[in-house]
Each structure stands twice: as structure tokens, then as C-alpha cells.
1. How about the range 177-218: which of its residues are in contact (Cβ under 8 Å) with a residue 60 or more places away in the chain, more than 17 Å from LEU129 (Cβ to Cβ) and assigned to a helix (DSSP H, G or I)?
2. What is the one condition in (1) in contact (Cβ under 8 Å) with a residue 60 or more places away in the chain; (2) of a type in the set (A, V, I, L, M); (3) over 22 Å from TRP146 (Cβ atoms) that LEU101 does not satisfy?
3. Looking at the structure I just gave you, is TYR19 within 23 Å of THR114 (Cα to Cα), surrounded by fewer than 16 Cβ atoms within 10 Å (Cβ to Cβ), of a type in the set (Ser, Thr, Tyr) and modelled with pLDDT of 95 or more?
4. Condition first: in contact with a His (Cβ under 7 Å, 6 or more places away or on another chain), modelled with pLDDT of 95 or more, under 23 Å from ARG17 (Cα atoms) and in a helix (DSSP H, G or I). Can you find one or more residues in the range 123-131 that meet it?
5. Being surrounded by 16 or more Cβ atoms within 10 Å (Cβ to Cβ) and of a type in the set (A, V, I, L, M) is the filter; apply it to the range 164-190 and report the residue that is nearest to ILE79 (Cα to Cα).
6. Within the range 148-163, is even one residue in a helix (DSSP H, G or I) and surrounded by 19 or more Cβ atoms within 10 Å (Cβ to Cβ)?
7. Of all residues in the range 28-44, which are touching a residue at least 60 places away in the same chain (Cβ under 8 Å) and crowded, with 17+ Cβ neighbours inside 10 Å?
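The values are calculated or read from the model by the stated rules, or taken from the named source; none is laboratory data. Bear in mind that the values here come from a model prediction, so they are computed numbers and not experimental data. Note that each Cβ is placed from the backbone with ideal geometry, even for glycine, and that neighbours are counted across all protein chains shown.
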Amino acid sequence: MGYCFTDLTTACQDDWRAYIEHDFVQKLGNATLPEASFRHYLKQDYLFLIHFARAYALAAYKSPTLADLRQAHEGMKAIVDVELGLHLGFCREWGISEEELAELPEARATLAYTRYVLDTGNRGDLLDLHVALAPCLVGYGEIANWLNAQGTTVRGGDNAYDAWIAMYEGEEFQDAMRAELEWLDARLADVTPARFNELSKIFRDATRLEIDFWQMGLTLAE
């Protein structure tokens, strides 16, 4: 019996729903999120993206095949050459300068999550690393889709956070999410029950750390 990504979310269903439907997400969707919370999140997310790029560099090192190596290279290139630039532009629109970001200390939630991902990748193999990253890459796409399914979500000019939703519902990100799901499903299909239990723990821990990241933004925690 093979496994797939949905088996991971089922294994920690309560935590997954708490992440996807977090108060930060709901307030972002219904346009009631305090601007200070969104700015705090944006700043810390910039730091997270830098570590996300480092994780892809680690994925390249861990890659057993040329196809995996190319995937890791493209992922890191997309973050460094494209996504970080877009994020800087987004921050500027919210009054956050690149100089401010360069001097920004990492919040405890940022430290906890990014170091967990990198430590998991260092200790484990490429699948361990991808599973630790999945709540971010797959989760943000699912969050955008979940928000669009809610009658309370405000779109357009009446929501200052509409561009954030648009970024993650967009074709480019949704394509990346689907590609990651295909990669994960192909490899999870071959794991043993004991190995799946190990991966479920990684996924659960990473999801709980993502919940803490939302909470950090909501409460302005340092």
C-alpha cells in the first residue's frame, strides 16, 4: 500500500487545519488584519525566504539524481533571482526598506522554523527535507485556495492584502505547488509504514512551527 501527500495531512489533520485556517489567515482574507501584523509578518518572511534558498542549496547537495539536482537548482534560482526581488518590492509598498530588512533581527518563531528545516535536511535525506518544507510550499497554495472558497473573503481594492492572495493563487505558484505534490507523491508511494511514521512526525512538527509563524505575525512577537 503506497502513501501520498494527503496521508501526511490526514496524519496531523487538526494541526493542518489550524495552520490553513489560522486567525492570521482569516483576518488577512476578510481585510481585518492589523497593518502592523502584516508588516511584521512581511519582514520575518523575507528572512525566511533567505533560509528557504539555503534549504534548496542543501537539497542540491542531498540530490541523488541529476533530475533532483536540477530541481533544487531551479528552486534556489527562483528564490534568489525572482522571489526575493518581488518580496522586496512588496515590502517597499508597505513602507519597509531594504536597509531595514538587512538589519532585522530574526524573531524566535523564524529561528525555530528555519533551523528546524535545515537541521532536518542535514540529518536526513532529500525526502525528509522536502517534507519539512511542504507546509510552506504546498500550504501557501492551499491557503490561497481555501480563502477563495470562503464567503467572508474580500477581494479587490477593499482588501489591502488582496495582492498577497493573488500571489499564491497565481498560476506560477499553483504550478510549483502541483509539481511539488507530484514529486512527493511519487516518493511517498514507495515508503514503508515505519518510514511514513517518521515523515509524519517531520510534517507535523513543521506544520506546528508554521502555526507559530502566523501567531508571531498576529501578536507582533519578537
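1. Correct list: ARG208, ILE211, ASP212, PHE213, TRP214, GLN215, MET216, GLY217, LEU218.
2. Every condition holds for LEU101 apart from (1).
3. In short, no.
4. For the range 123-131, residues in contact with a His (Cβ under 7 Å, 6 or more places away or on another chain), modelled with pLDDT of 95 or more, under 23 Å from ARG17 (Cα atoms) and in a helix (DSSP H, G or I): absent.
5. So the residue we want is ALA176.
6. no
7. Scanning the range 28-44 gives LEU28, GLY29, LEU33, SER37, PHE38, HIS40, TYR41, LYS43, GLN44.
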